[in-house]
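Trainee: The structure under discussion is supplied below as structure tokens; questions concerning it will follow.
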Amino acid sequence: MKKYSAFSLLRNALSYNRNWSEAWRSPDPQRKYDVLIVGGGGHGLATAYYLAKEHGVRNIAVLEKGWIGGGNTGRNTTIVRSNYLWTEASLLYEKSLKLWEGLSQDLNYNVMFSQRGVYNLGHTLQDMRDIERRVNANRLNGIDAEVVSAEQIGKAIPYINTSPDARYPILGASLQRRAGVARHDAVAWGFARAADALGVDIIEQCEVTGINRDDGKVTGVETSRGTIAANKVGVVVAGNASVLAAMAGLRLPIESHPLQALVSEPLKPVLDTVVMSNAVHGYISQSDKGELVIGAGIDAYNGYGQRGSFHTIEHTMQAIIELFPVFSRVRMLRMWGGIVDVCPDACPIISRTPIGGLYFNCGWGTGGFKATPGSGWAFAHTIAQDRPHELNAPFDLERFTSGALIDEHGAAAVAH
Amino acid sequence: MLLIKCPWCGDRAETEFSYGGEGGIQRPRDPDALSDAEWADYLFNRSNPRGAHKELWNHSQGCRRWFGVDRDTVSYAIERSYTLSAAEQPGES
């Protein structure tokens, strides 16, 4: 891999940018790998990267049925934060946030991580009580968080409506200053390039159609490009987790739902932070291109169609206009949906399974993007050591039998 | 938006309805006889298929009655809707 630097930019500019090498190879699959990762999204690529980097596994392939980063990695609203309520969840997301903070240097790829802060608004007395509780819980876990008043919000975010006469007046917010946004495509490309440099085979256009087992142990997978044997298989396919689980005869506590988002026409800089509201239900930031990036709630029904119902978007726009009346004339450019895998407790599953050598990383629901590096880091540990790291031990599949659920519906910020 | 046929009220907009998740799940007759894993399977695990799905809807802004819908989870096309009376259960007589 040729290192990206200011010098390489200059050198390639002098040769009219004709000599850039490809960021990752496109190899044909080998017959056998030590570890197969099914799913070439951010989480899968991060898993492969940390497997190679931290655990010295060299014979790894990532199988992607479409193109890398073409699923939820390219369909989210790019928000990164770690201000979850419960210790188990907040430590996992905080691990991820710490990795984000050094990720561009680590990958030698600019993921454009911008710590512009995230405001979670409170509109009722109970909202504010919950916010204070969550902020205190965060600080006890060493995570930066503060409670800010409506007046502070009005000063920090010029166009937000903090009038007490609003239908749902803003009473305050929690603010995590280290939170922010990252460039989602760059995350997939950066992890792919860095993993490829460590010898990981990234195989696109390769759909897994079956999971082969023998005597309770995984032996490989059937794909659209033939049978591939493997000692271990890690499945991280977001909305399609139940489909892959069914191939191995497993059932998961997951429902797949469409989650929609949309962007506006590009505007001059107007919003330099991220604003989220559980109560009126919308979240918004502005991309570097100037588009307002707006996220909605999930559609109620099970769906794999990567699109949702229009009234869900309409509801979100009502919330955004309530918060920012100034945006009422902004035209929307495009909308899309991704398929999110929702768990009953709004927390992920990073776990071994009853089948030896088969691991699942799923259930991230509406909040997976922020966890990309941490999820890959923890999943890589789980696969390499065949046991969970203490950070993801609470997120075992077993918790649904033991009853030790981690209820993060409040901090998940997207209604399920 | 889905156009959903309530068996009692006819075709109505999706916004009148509440979703009830996977249909056809029977509450175990004797929960005490189940292992924790079996109870967890009933409580949490779902088939979540990609394709044909049997599900429950409630006409919460209308007649407030529950009914069953057969819907495709990829095309979202609704094949049919039916009351939950035993006589109308698909695949049963």
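Trainee: Based on alpha-carbon positions alone, could you give the equivalent ellipsoid semi-axes of the stretch B:14-62 from the gyration tensor, as √(5λ), descending, whole Å? Walk me through the numbers before you get to the answer.
Mentor: Numbers: eigenvalues 142, 40, 12 Å².
Each semi-axis is the square root of five times an eigenvalue, giving 27, 14, 8 Å.
Trainee: Can I ask one more? At a 1.4 Å probe, which residues in the stretch B:1-48 are at least 20 Å² less accessible with all protein chains present than in their chain isolated?
Mentor: Flagged in the stretch B:1-48: B:M1, B:E14, B:T15, B:Y19, B:D36, B:A40, B:D41, B:F44, B:N45, B:R46, B:S47, B:N48.
Trainee: Would you please calculate the Kirkwood hydrodynamic radius of the stretch A:173-234 over all C-alpha pairs and express it in Å, rounded to one decimal? Intermediate results must be reported in sequence, preceding the final value.
Mentor: Details: mean 1/r = 0.0671 Å⁻¹.
Here the Kirkwood hydrodynamic radius works out to 14.9 Å.
Trainee: Could you give the C-alpha radius of gyration of the stretch A:1-55 expressed as a fraction of 2.2 N^0.38 Å, taking N as the number of residues it contains?
Mentor: On the way: Rg = 15.6 Å, N = 55, 2.2 N^0.38 = 10.1 Å.
Scaled against compact globular proteins, the figure is 1.55.
Trainee: For chain B, state what percent of all Cα-Cα pairs lands in each successive 5 Å bin, counting from 0 Å until the bin that includes the largest distance.
Mentor: 3, 12, 22, 21, 18, 14, 7, 4, 1
Trainee: Roughly how large is the B-A contact in terms of buried accessible area, totalled over both chains, probe 1.4 Å, nearest 100 Å²?
Mentor: Numbers: alone 6550 and 17770 Å², together 22180 Å².
What B and A bury together is about 2100 Å².
Trainee: Between the stretch B:1-39 and the stretch A:125-161, how many Å separate their Cα centres?
Mentor: 38
Trainee: Kirkwood hydrodynamic radius, the stretch A:241-329, all distinct C-alpha pairs: what's the number in Å?
Mentor: On the way: mean 1/r = 0.0677 Å⁻¹.
Here the Kirkwood hydrodynamic radius works out to 14.8 Å.
Trainee: Okay, next question. What percent do you get for the relative contact order of the stretch A:254-408 when only Cα pairs under 8 Å and 6+ apart count?
Mentor: Numbers: 285 pairs, mean separation 36.2, N = 155.
For the stretch A:254-408, the relative contact order is 23 percent.
Trainee: Would you list, by chain and number, the lysines whose Cα falls below 24 Å from the Cα of A:K32, excluding same-chain residues fewer than 8 positions away?
Mentor: A:K53, A:K65, A:K217, A:K232
Trainee: Alpha carbon centre of the stretch A:303-381 versus the stretch A:207-248: separation in Å?
Mentor: Centre-to-centre (Cα) distance: 24 Å.
Trainee: Here's a follow-up. How far, in nm, would the chain grow between B:S47 and B:E79 when pulled straight, counting 0.36 nm per residue and subtracting the alpha carbon separation? Kindly include the intermediate steps, with their values, before the conclusion.
Mentor: Numbers: separation 32, 0.36 × 32 = 11.52 nm, distance 1.87 nm.
Between B:S47 and B:E79, full extension yields 9.6 nm more.
Trainee: Moving on. Can you give me the three principal axis dimensions of the stretch A:88-136 from its C-alpha atoms, in Å, biggest first?
Mentor: Its Cα atoms span 46, 23, 11 Å along the three principal axes.
Trainee: How large is ³J(HN,Hα) for each residue in the stretch B:27-42, as worked out from phi by the Karplus curve 6.51 cos²θ - 1.76 cosθ + 1.60 (θ = phi - 60°), to whole Hz, x for Gly and Pro?
Mentor: Result, ordered by residue: 5, x, 5, 10, x, 5, 7, 8, 6, 4, 5, 5, 5, 4, 4, 5 Hz.
Trainee: Per residue, what volume in Å³ does the Cα convex hull of the protein assembly as shown take up? Intermediate values should be presented prior to the final figure.
Mentor: Values: hull volume 87.1 nm³, N = 509.
Once divided by residue count, the hull of the protein assembly as shown is 171 Å³.
Trainee: So which chymotrypsin sites (Phe, Trp or Tyr not before Pro) in chain B pass both tests, a DSSP loop state and at most 12 other Cβ atoms within 10 Å of the Cβ?
Mentor: Values: sites: B:W8, B:F17, B:Y19, B:W39, B:Y42, B:F44, B:W57, B:W66, B:F67, B:Y76, B:Y82; in loops: B:W8, B:F17, B:F44, B:Y76.
Passing both the DSSP loop test and the Cβ count: B:W8.
Trainee: For A:I68, tell me the accessible area in Å² from a 1.4 Å probe, rounded to the nearest 10.
Mentor: Roll a 1.4 Å probe over it and A:I68 shows about 10 Å².
Trainee: Could you work out [θ]222 nm for chain A from helices alone, using -39500 (n - 2.57) per DSSP H run of at least four and dividing by all its residues? Round to the nearest 500 deg cm²/dmol.
Mentor: Numbers: 12 runs with 123 residues, N = 416.
Roughly -9000 deg cm²/dmol at 222 nm, from the helical runs in chain A.
Trainee: Not counting the cut sites, what is the longest span of chain A without chymotrypsin sites (Phe, Trp or Tyr not before Pro) that DSSP labels loop and that have at most 16 other Cβ atoms within 10 Å? Could the numbers behind the result be given before it?
Mentor: Values: sites that count: A:Y16, A:W20, A:W67, A:Y159.
Between the exposed loop sites, the longest stretch runs A:160-416.
Trainee: Given a 1.4 angstrom probe, I'd like the percentage of the accessible area of the stretch A:39-192 that is carbon and sulfur, rounded to a whole number.
Mentor: Numbers: 3050 of 6140 Å².
Summing carbon and sulfur atoms, their accessible area is 50 percent of the total for the stretch A:39-192.
Trainee: While we're on this one: What number, in nm² with one decimal, is the all-direction average of the projected area of the convex hull of the alpha-carbon atoms of the stretch A:116-228?
Mentor: Working: hull surface 52.8 nm².
It is 13.2 nm².
Trainee: To check my understanding: the extent here is largest minus smallest coordinate of the Cα atoms along each principal axis. What are those three numbers for the stretch A:241-396, in Å, largest first?
Mentor: Reported extents, whole Å, longest axis first: 56, 30, 26.
Trainee: Would you mind calculating the relative contact order of chain A from Cα pairs under 8 angstrom and at least 6 residues apart, reporting the percent as a whole number?
Mentor: Averaging sequence separation for qualifying contacts and normalising by length gives 22 percent for chain A.
Trainee: Once the dipole of chain A is set up with Lys and Arg at +1 and Asp and Glu at -1 on Cβ about the Cα centre, which of A:A195, A:L271, A:H55 lies farthest towards its positive end?
Mentor: In chain A, that residue is A:A195.
Trainee: I'd like to know how the stretch A:207-287 sits against the 2.2 N^0.38 Å rule of thumb: what's its Cα Rg over that expected value? The partial results should precede the final answer.
Mentor: Values: Rg = 20.4 Å, N = 81, 2.2 N^0.38 = 11.7 Å.
The reported ratio for this selection is 1.74.
Trainee: Alpha carbons only, please: Rg and Dmax for the stretch A:86-167, in angstrom.
Mentor: According to the Cα coordinates of the stretch A:86-167, Rg and Dmax are 15.9, 49 Å.
Trainee: Sticking with this one: I need the calculated FRET efficiency for the pair A:H55 and B:C9, taking r as the beta carbon distance and R₀ as 45 Å, to the nearest 0.05. Kindly include the intermediate steps, with their values, before the conclusion.
Mentor: Working: r = 58 Å, r/R0 = 1.30.
My answer for the efficiency is 0.15.
Trainee: Same structure, new question: Give me a single rounded figure for A:301-314: the average over its residues of other chain Cβ atoms within 10 Å of their Cβ.
Mentor: Values: counts 14, 13, 9, 10, 6, 1, 1, 2, 6, 2, 5, 3, 0, 2.
Counting other chains' Cβ atoms within 10 Å and averaging over A:301-314 gives 5.
Trainee: Largest first and in whole Å, what are the equivalent-ellipsoid semi-axes of the stretch A:19-163 based on the Cα gyration tensor, each being the root of 5 times an eigenvalue?
Mentor: Gyration-tensor ellipsoid for the stretch A:19-163: 39, 18, 14 Å.
Trainee: Now for a separate question. Could you derive backbone 3J(HN,Hα) for the stretch A:325-338 from the dihedral phi with the Karplus parameters 6.51, -1.76 and 1.60 (θ = phi - 60°), listing whole Hz in sequence and x where the residue is Gly or Pro?
Mentor: x, 5, 8, 5, 9, 6, 8, 8, 8, 7, 9, 7, x, x
The values are calculated or read from the model by the stated rules, or taken from the named source; none is laboratory data. Just so you know, these numbers come straight off a predicted model, no measurement behind them. Don't worry about glycine lacking a Cβ; one is built from the backbone with ideal geometry, like all the others, and counts go over all protein chains shown. The area values use the complete protein model at the heavy-atom level, side chains included, leaving out ligands, DNA and RNA. Shrake-Rupley method; radii C 1.70, N 1.55, O 1.52, S 1.80 Å.
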